[in-house]
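All remarks here apply to the structure that follows.
The values are calculated or read from the model by the stated rules, or taken from the named source; none is laboratory data. Computed from a prediction, not measured in an experiment: that's the story for all the values here. Because the Cβ atoms are built from the backbone with ideal geometry, glycine has one as well, and the counts that use them run over all protein chains shown.
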Amino acid sequence: MSFDGSLAARVEDVHALALGMPHVTVERGPAGNPVYQVGGRSFVFFRTPRPDAVDPETGERFRDVIVFWVGSEVDKQALVGDESSPFFTTAHFDGHPSVLLRAGRVGELSREELAEVVQEAWLSRASARRAAAWLDEHQPG
């Protein structure tokens, strides 16, 4: 099946895209939550509820936060600084090269946009050799 960029992303796509990257293993967090790794380094994980990510109206901890690594602080700010973006961060992640996304907002991204975020997360954590090999295979010309 071919996907075009207009199809809304789904949480299932996060799993499929992360697993579709090379050399990926899945660990389980303390609550059985999936942690996708490359070379023993996490690049996407489903976070357990934490006190830093809460509903501003109810104070309840978000139960559906997904963490994606990014390549740099500039990349992070590009995602969280855009008011229309569903990505966010918290003080807990200050200085950490990652962004957060609630599973309930994944559909605000196209599958193509989500794929770019997952691929960039993988590239930011893969070894230089693995990243170069993947880029050689997937970059045009």
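Data for the structure
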item: Residues located in the stretch 27-38, provided they are exposed (fewer than 13 other Cβ atoms within 10 Å of the Cβ) and either under 14 Å from the mean Cα position of the chain (by Cα) or not charged (D, E, K, R) (or both); result: 30, 31, 32
item: The stretch 50-90, residues that are within 19 Å of residue 15 (Cα to Cα) and not charged (D, E, K, R); result: 65, 66, 67, 68, 69, 70, 86, 87
item: Cross-chain or 6+ apart pairs with Cβ under 8 Å, the stretch 83-111 first and closer than 18 Å to residue 48 by Cα and in contact (Cβ under 8 Å) with a residue 60 or more places away in the chain, then buried (at least 19 other Cβ atoms within 10 Å of the Cβ) and aromatic (Phe, Trp, Tyr); result: 103/46
item: Residue list for the stretch 83-106, filter: under 20 Å from residue 35 (Cα atoms), assigned to a loop (DSSP other than H, G, I, E, B) and under 14 Å from the mean Cα position of the chain (by Cα); result: 87, 89, 96, 97
item: Per-region count, the stretch 70-124, residues among the acidic types (Asp, Glu) and closer than 17 Å to residue 56 by Cβ; result: 1
item: Hits in the stretch 39-53 (condition: surrounded by fewer than 18 Cβ atoms within 10 Å (Cβ to Cβ) and either over 23 Å from residue 114 (Cα atoms) or aromatic (Phe, Trp, Tyr) (or both)); result: 50, 51, 52
item: Residue within the stretch 91-99 that is modelled with pLDDT of 95 or more and of a type in the set (A, V, I, L, M) present; result: yes
item: Test result for residue 32, among the small types (Gly, Ala, Ser), in a loop (DSSP other than H, G, I, E, B) and over 18 Å from residue 98 (Cα atoms); result: yes
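Quick grid of which residues meet (1) closer than 14 Å to residue 115 by Cα; (2) outside any loop (DSSP other than H, G, I, E, B); (3) without any contact (Cβ under 8 Å) to a residue 60 or more places away in the chain; (4) not β-branched (Val, Ile, Thr):
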site: 13; (1), (2), (3), (4): yes, yes, no, yes
site: 26; (1), (2), (3), (4): no, yes, yes, no
site: 56; (1), (2), (3), (4): no, no, yes, yes
site: 74; (1), (2), (3), (4): no, yes, yes, no
